[in-house]
């Protein structure tokens, strides 16, 4: 009986030792424990990656907030900035002098042809205040169109320079040396701003102030975020180049689809002055009452106002922004 008890106790002891030391190796618990430990060790790295992604997202959100603030400021652009965006080297004083000359010429011409005092004042107001600002807007749009045409190629040049081992600043210098106007002058402004001590990211962000286009702002945001948080700049600029080309294709597609409506609006808007000119050529005495009689002058001013409102409404209907 005593021997049986000793044998039982020995068997229990051996089984306990086997359970403690051998069973984990056979059942895979040791591997599972090591796997859990490795995952626990890699958790801080995952947290660091998530933290970096969160910081980059916060930077993008901050840049977008700055963009919204700039768009709100765009409602009151000073005259000097409008002249600069049009590509002119005029001062504000010179602009007002030219506007005054246009106004005087318009008044003299309208009064000489018999338009009366009211018609001459209206013509002077339109020529002195409306015509110079229309010229600024026309030159600004033409300059922006030339800038958008050359920007994707310039970004591609920067991407190739970075892949070849050139620093970003040297790649921008290459673009400033070989690019057409107005891209050349804008990139020269970035180089001059960075030379006087401003960081390159902030200098690129200021491009939007001189060229208020979403594409210019995209370029500034990409450079500014890369300067702050790092990353693959060539890949980011390559994606930006693709986005710029896609936006260009979209703009051309919208222009082609809206060309019929623009032609119709142009015909409708030009019919009244054309008919007025033809009637004046054929029977001048019949239509001369519009600018010789006071009631005719009042009717003519009202018609010009209504035509202006109609043209602006049609322009708003057929111009698509994206």
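Determine the pairs where a residue that is more than 16 Å from residue 304 (Cβ to Cβ), located within region 266-293, has a partner that is assigned to a helix (DSSP H, G or I) and modelled with pLDDT of 85 or more with Cβ atoms under 7 Å apart, the partner being 6 or more residues away or on another chain. Short answer, once both residue conditions are applied: 286/279.
Does residue 220 qualify as being over 28 Å from the mean Cα position of the chain (by Cα), surrounded by 14 or more Cβ atoms within 10 Å (Cβ to Cβ) and closer than 30 Å to residue 77 by Cβ? For residue 220, the condition - over 28 Å from the mean Cα position of the chain (by Cα), surrounded by 14 or more Cβ atoms within 10 Å (Cβ to Cβ) and closer than 30 Å to residue 77 by Cβ - is not met.
Does at least one position in region 201-224 carry a residue that is out of contact with any helix residue (DSSP H, G or I) (no Cβ under 8 Å at 6 or more places or on another chain) and either at pLDDT 85 or above or more than 30 Å from residue 315 (Cα to Cα) (or both)? Within region 201-224, not a single residue is out of contact with any helix residue (DSSP H, G or I) (no Cβ under 8 Å at 6 or more places or on another chain) and either at pLDDT 85 or above or more than 30 Å from residue 315 (Cα to Cα) (or both). When the helices (runs of 4 or more DSSP H) confined to region 34-130 are screened for residues that are more than 30 Å from residue 288 (Cβ to Cβ) and at pLDDT 55 or above, those reaching at least 3 such residues are found at 79-85, 92-112.
So, residue 265, is that one modelled with pLDDT under 85, assigned to a helix (DSSP H, G or I) and within 30 Å of residue 166 (Cα to Cα) or not? Reasoning before the result, please.
Working: modelled with pLDDT under 85: yes; assigned to a helix (DSSP H, G or I): yes; within 30 Å of residue 166 (Cα to Cα): no.
Here the answer is no, as residue 265 does not meet what is asked.
Going residue by residue through region 210-230, is there one that turns out to be over 21 Å from residue 84 (Cβ atoms) and without any contact (Cβ under 8 Å) to a residue 24 or more places away in the chain? Taking every residue of region 210-230 in turn, at least one turns out to be over 21 Å from residue 84 (Cβ atoms) and without any contact (Cβ under 8 Å) to a residue 24 or more places away in the chain. Counting only residues that are under 15 Å from the mean Cα position of the chain (by Cα) and buried (at least 18 other Cβ atoms within 10 Å of the Cβ), region 225-244 holds 3 of them.
In the set 249, 262, 253, only one residue is surrounded by fewer than 16 Cβ atoms within 10 Å (Cβ to Cβ) and farther than 30 Å from residue 310 by Cβ; that residue is 249.
Is it true that residue 197 is modelled with pLDDT under 85, surrounded by fewer than 17 Cβ atoms within 10 Å (Cβ to Cβ), more than 27 Å from the chain's Cα centre (by Cα) and not in a helix (DSSP H, G or I)?
So residue 197 fails the test.
For the residues 144, 192, 170, the requirement of being out of contact with any strand residue (DSSP E or B) (no Cβ under 7 Å at 6 or more places or on another chain), touching a residue at least 60 places away in the same chain (Cβ under 8 Å), surrounded by fewer than 20 Cβ atoms within 10 Å (Cβ to Cβ) and in a helix (DSSP H, G or I) singles out 144. You will find that of 127, 110, the residue that is under 24 Å from residue 96 (Cα atoms), more than 36 Å from the chain's Cα centre (by Cα) and crowded, with 19+ Cβ neighbours inside 10 Å is 110 and no other.
The values are calculated or read from the model by the stated rules, or taken from the named source; none is laboratory data. For clarity, every value in this text was computed on a predicted model and none was experimentally measured. Don't worry about glycine lacking a Cβ; one is built from the backbone with ideal geometry, like all the others, and counts go over all protein chains shown.
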